[in-house]
C-alpha cells in the first residue's frame, strides 16, 4: 500500500487513555513519553499542571511583583488587585510569592501548579 494511504477496514479510533503519535500516526498510550514505534518524543504535561509558564510568572514576580502582575497572569485577579493596592504588602508578599514560584508550589486560579518552565 502506498505511503500515506490507509485501509479503511484497518481504521481504529484512539480510546480515552490513548493518543495518536504525531510522527507515525499510530495509536499509543497517553502516558508515553516517546512513541514506542518511531521514537518520536511527545510533549506531555501532567494533568495537575497549569498551562501557564513558570518562567513567565517568575519574571513577572521579579520585575513587577509589587504590582501583582504574576497573580494577574495566572488568573488570580482578586489577590492581584490586593497586591497592587498594598504594593505587594510592602514587598513581603512578593518575596514569599517569588520563593513559592521558585520551589514549584505556586498555583493558578484552578489550583494547578506552575511546573513547566518553558512551553
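Throughout, read-outs are computed from the coordinates displayed, never taken from laboratory work. Just so you know, these numbers come straight off a predicted model, no measurement behind them. For neighbour counting, all protein chains shown are included, and Cβ atoms are generated from backbone atoms with ideal geometry for every residue, glycine included.
A few comments on the model shown:
- Entry remark, the stretch 36-54: residues being outside any loop (DSSP other than H, G, I, E, B) and exposed (fewer than 15 other Cβ atoms within 10 Å of the Cβ) number 1 in total.
- Selection of the stretch 90-114 for residues being out of contact with any strand residue (DSSP E or B) (no Cβ under 7 Å at 6 or more places or on another chain), free of Cβ contacts under 8 Å to residues at least 24 places away in the same chain and part of a loop (DSSP other than H, G, I, E, B) yields only 111.
- All conditions but one from (1) loosely packed, with under 13 Cβ neighbours inside 10 Å; (2) closer than 30 Å to residue 12 by Cβ apply to residue 63; the one that does not is (2).
- Count of residues meeting criterion [closer than 23 Å to residue 45 by Cα and either in contact with a helix residue (DSSP H, G or I) (Cβ under 7 Å, 6 or more places away or on another chain) or surrounded by fewer than 15 Cβ atoms within 10 Å (Cβ to Cβ) (or both)] in the stretch 66-96: 6
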